[in-house]
Amino acid sequence: MTQLTTPSIDSRGTRVAEAGHPSGPRRRPKLVRHGSWWWAMPGLLAVLGVHYVATSIGGAYAFTDFKGIGSFNWIGFDNFAKIVGDPKVFGSIGNTLFLAISFLVITNVVGLAFALALNRGIRSRYILRTLLFLPVVLSPLAVSYIFRFIFQVNGPFNIALGAVGLGSWQKAWLADPTWAIFTILAVMVWQNIGMAMIIYLAGLATVPIEIEEAAAIDGAGPFGRFRHITLPLIQPAVAISTTLALTTGLRVFDQVQGMTRGGPYGATDTLSTVIYRETFANGHFGYGAALSLVFTIIVVAAAALQLFVTRDRNARK
């Protein structure tokens, strides 16, 4: 007669395996079984062809004198030597870094301030969130053309300054080598504050209100609660928002092309506009590819450094 055995139960209620039976936790089923990854192949091939293969070909052109049509010759590092000796490239790098860093700081500070103000407690906060986010969905090039009209000498902005008694402030904003780049920065910040606000609102939604209330009962002020409770808990949102702002600032093109086309006298040129002009206007595809390769290295290095600085130091591996 066969004797049936059942697993014994220890004092904590845990099932204990009998002798002769394998013990230990069960293995979790695989989310993707062998052979079922084929559904991702179209997307993987598209990414491989559009991004990596195209980027590799473009990187190869950086070592040639390719003009866009016809044959080309391998010229080694001559294009990169030309970059080192080109003063307009260094001027565009300075403008790019100024726009990127200023855009990163202003957008995140103002966006976080709006997120804190509209997080809770205001009855019209949903309408205000929509109004602040609305510029994000607009075309940057279309917005640039609109602000190009607004900042004209006889445009609405100068008319408004004269109407409020600030006629001495009127100037040709986009034709002034000093103020043109600040005008572009203002348009960039205006259009992208809503994105930073939404990211920070998502981060603030994860902060337990009970912790803030307990800190307030213990006597912590608003700044103390923000510094020691809110900011550490929204660290992932800070990393995401600053990374997006940095890469957006470094890759700025539409606002410059639509408002000033790099002028006046190169005062607002960025690496993107220089690459566009050298490649498509002047037909120097090899030189433009070299500039693009340098630009890619700068963006990747800056993004990696920014992610390292804003990483969550409390996260465990």
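The values are calculated or read from the model by the stated rules, or taken from the named source; none is laboratory data. Values in this document were obtained by computation on a predicted structure and should not be read as measured data. Ideal geometry is used to build each Cβ from the backbone, glycine not excepted, and the neighbour counts take in all protein chains shown. Quick note on the areas: whole protein, heavy atoms, side chains included, nothing else; ligands and nucleic acids left out. Shrake-Rupley method; radii C 1.70, N 1.55, O 1.52, S 1.80 Å.
For residues that are among the small types (Gly, Ala, Ser) and loosely packed, with under 13 Cβ neighbours inside 10 Å, scanning just region 165-201, find the one that is farthest from Thr247 (Cα to Cα).
Filtering region 165-201 down to residues among the small types (Gly, Ala, Ser) leaves 165, 167-168, 172, 175, 180, 186, 194, 196.
In the following step, the residues that additionally are loosely packed, with under 13 Cβ neighbours inside 10 Å were identified as 165, 167-168.
Working: Gly165: 39, Gly167: 37, Ser168: 37 Å.
Out of the qualifying residues, it is Gly165.
Name every residue in region 60-81 that is of a type in the set (Gly, Ala, Ser), open to solvent by 50 Å² or more (accessible area, probe 1.4 Å) and modelled with pLDDT of 90 or more, in order of residue number. Let's see the steps before the verdict.
Looking only at region 60-81, we keep the residues that are of a type in the set (Gly, Ala, Ser), and these are 60, 62, 68, 70-71, 76, 81.
If we keep only those that are open to solvent by 50 Å² or more (accessible area, probe 1.4 Å) too, we end up with 70-71, 81.
Residue satisfying the conditions is Ala81 alone.
When the residues of region 82-96 are filtered to those that are under 22 Å from Pro264 (Cα atoms) and touching a residue at least 12 places away in the same chain (Cβ under 8 Å), the one that is most open to solvent (accessible area, probe 1.4 Å) is Lys88.
Each residue in region 175-226 was checked for being farther than 27 Å from Gly258 by Cα, in a helix (DSSP H, G or I), more than 23 Å from the chain's Cα centre (by Cα) and of a type in the set (Gly, Ala, Ser), and 4 of them qualify.
Answer yes if at least one residue in region 140-150 is within 25 Å of Thr248 (Cα to Cα) and open to solvent by less than 30 Å² (accessible area, probe 1.4 Å), and no otherwise. Can you show your working first?
To start, the set of residues in region 140-150 that are within 25 Å of Thr248 (Cα to Cα) comprises 140-150.
Right, trim to open to solvent by less than 30 Å² (accessible area, probe 1.4 Å) and you get 143-144.
Yes, because at least one residue in region 140-150 is within 25 Å of Thr248 (Cα to Cα) and open to solvent by less than 30 Å² (accessible area, probe 1.4 Å).
Looking only at region 276-300, residues that are among the small types (Gly, Ala, Ser), touching a residue at least 12 places away in the same chain (Cβ under 8 Å) and surrounded by fewer than 19 Cβ atoms within 10 Å (Cβ to Cβ) come to 1 in all. The residue list Leu99, Leu204 contains one member that is over 30 Å from Val294 (Cα atoms) and surrounded by 15 or more Cβ atoms within 10 Å (Cβ to Cβ), which is Leu204.
Got a number for residues in region 134-189 being hydroxyl-bearing (Ser, Thr, Tyr) and farther than 18 Å from Thr96 by Cα?
Here is the first cut: in region 134-189, the residues hydroxyl-bearing (Ser, Thr, Tyr) are 139, 144-145, 168, 178, 183.
Restricting the remaining residues to those that are farther than 18 Å from Thr96 by Cα gives 139, 145, 168.
Qualifying residue count for the region: 3.
Does any residue of region 301-312 turn out to be open to solvent by less than 20 Å² (accessible area, probe 1.4 Å), over 22 Å from Val189 (Cα atoms) and of a type in the set (D, E, K, R)? No, the conditions are met nowhere in region 301-312.
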